[in-house]
Amino acid sequence: MSVKDVFAKRRAFSFEVFPPKTDKGMEKLCGEGGVLEDLYTMNPDYISCTYGAGGTNVGKNLEVLSKIAKDGKCTPVTHFTCIGNTKEGIKKQLSDYLANGIDHILALRGDLPFGWTGTGGDLHYATELVKFIRDEFGDKFTIAVAGSPEGHMQCRSLQSDISYLRQKQDNGADFIMTQLCWDMDQFKYWLDAIYDAGVTMPVDVGIMPVLDMGATINMALSRNGCVIPRDLAALISNHWIFPNPFAPNESEESIAKKKADFRKYGIEYTVKLIDEYRACGIDGIHLYALNKSDAVKEIAEIAHLVDVI
């Protein structure tokens, strides 16, 4: 079933994984009794797989998504970027995806590799990629695009960012997958603003579970430049590992207890966030599984995400 059809009927539920770099990682994710099989038990509508910075690890991306397609438990969705891609290369890669039963795509400009000033390819923006896919492949692909509730860090303003989101819709995009956002006041403002701009695409909210202090800080500051609200800052502060989470020198016992407590209260925080998002009337919840299933399974059960299927 197309994800568009799911949105037309009810709220969607899905996961994101990434392509492992090692054979051991691939076995853990895709092997018998692995993470994918555990995720299937929660009846997700789709599972997306990231593309890799600068288009790296593309082969593993296709391998993971082909596995999902062959298993037939949910829809596979590939991320795809403009980075380093020529138009001919894009046509070939997308044809390969179709040949492997993958017809859903998240069209992205992509994060520029360190030192790059442009994409290094024929296309420079996600708006161009969406139009190119539609022009070359018609309706063969269901196209998702990224939405940034706090505005993309490299865009000159939130209003400009929203105008580009509207352009993606006009160029043929089908639904939005949001970037990380913990600031609910900002999210509500953005949601009203995109509707005012004529954006009618379903909004699928991307959520990274709050499980590890270092990963939470890293994702907020080095990856997304997003706000850490007071309640999340308090959670981090109350379990701070000295001198900092990236270079701790406390006792192993103290560190282990703080990590366990942070994970426990972080799961509670994530469930509360999901409740707030659903109260906004969003169209889907997209959990970053981080190639593990235990935490997202716990979150999905507590938040009753599985019950909405």
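Would you pick out the residues in segment 94-114 that are surrounded by fewer than 16 Cβ atoms within 10 Å (Cβ to Cβ), touching a residue at least 12 places away in the same chain (Cβ under 8 Å) and within 18 Å of G138 (Cα to Cα)?
Answer for segment 94-114, where residues must be surrounded by fewer than 16 Cβ atoms within 10 Å (Cβ to Cβ), touching a residue at least 12 places away in the same chain (Cβ under 8 Å) and within 18 Å of G138 (Cα to Cα): D96, L98, G101.
Any chance segment 225-234 includes a residue that's among the small types (G, A, S), in contact with a helix residue (DSSP H, G or I) (Cβ under 8 Å, 6 or more places away or on another chain) and assigned to a loop (DSSP other than H, G, I, E, B)?
Pass one, segment 225-234, residues among the small types (G, A, S): 225, 233-234.
From what's left, in contact with a helix residue (DSSP H, G or I) (Cβ under 8 Å, 6 or more places away or on another chain): none.
No; the residues of segment 225-234 include none that is among the small types (G, A, S), in contact with a helix residue (DSSP H, G or I) (Cβ under 8 Å, 6 or more places away or on another chain) and assigned to a loop (DSSP other than H, G, I, E, B).
Exactly one of (1) touching a helix residue (DSSP H, G or I) at 6+ places or on another chain (Cβ under 9 Å); (2) surrounded by 16 or more Cβ atoms within 10 Å (Cβ to Cβ); (3) not in a loop (DSSP other than H, G, I, E, B) is unmet by I282. Its number?
(3)
Can you name the residue in segment 7-52 that is in a helix (DSSP H, G or I) and in contact (Cβ under 8 Å) with a residue 60 or more places away in the chain and is also nearest to the chain's Cα centre (by Cα) among such residues?
Of everything passing the filter in segment 7-52, L39 is nearest to the chain's Cα centre (by Cα).
Yes or no, residue by residue, for (1) within 20 Å of T142 (Cα to Cα); (2) at pLDDT below 95; (3) among the hydroxyl-bearing types (S, T, Y); (4) out of contact with any Lys or Arg (no Cβ under 6 Å at 6 or more places or on another chain):
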| position | (1), (2), (3), (4) |
| --- | --- |
| T22 | no, yes, yes, yes |
| K28 | no, no, no, yes |
| G31 | no, no, no, yes |
| D45 | yes, no, no, yes |
| S48 | yes, no, yes, yes |
| Y51 | yes, yes, yes, yes |
| G54 | no, yes, no, yes |
| K67 | yes, no, no, yes |
| K70 | yes, no, no, yes |
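Of all residues in segment 183-207, which are under 16 Å from the mean Cα position of the chain (by Cα) and surrounded by fewer than 20 Cβ atoms within 10 Å (Cβ to Cβ)?
The answer is P202, and nothing else.
The values are calculated or read from the model by the stated rules, or taken from the named source; none is laboratory data. Note that this is a predicted model, so its numbers are computed, not measured. FYI the Cβ positions are ideal-geometry reconstructions off the backbone, even for glycines, and counts take in every protein chain you see.
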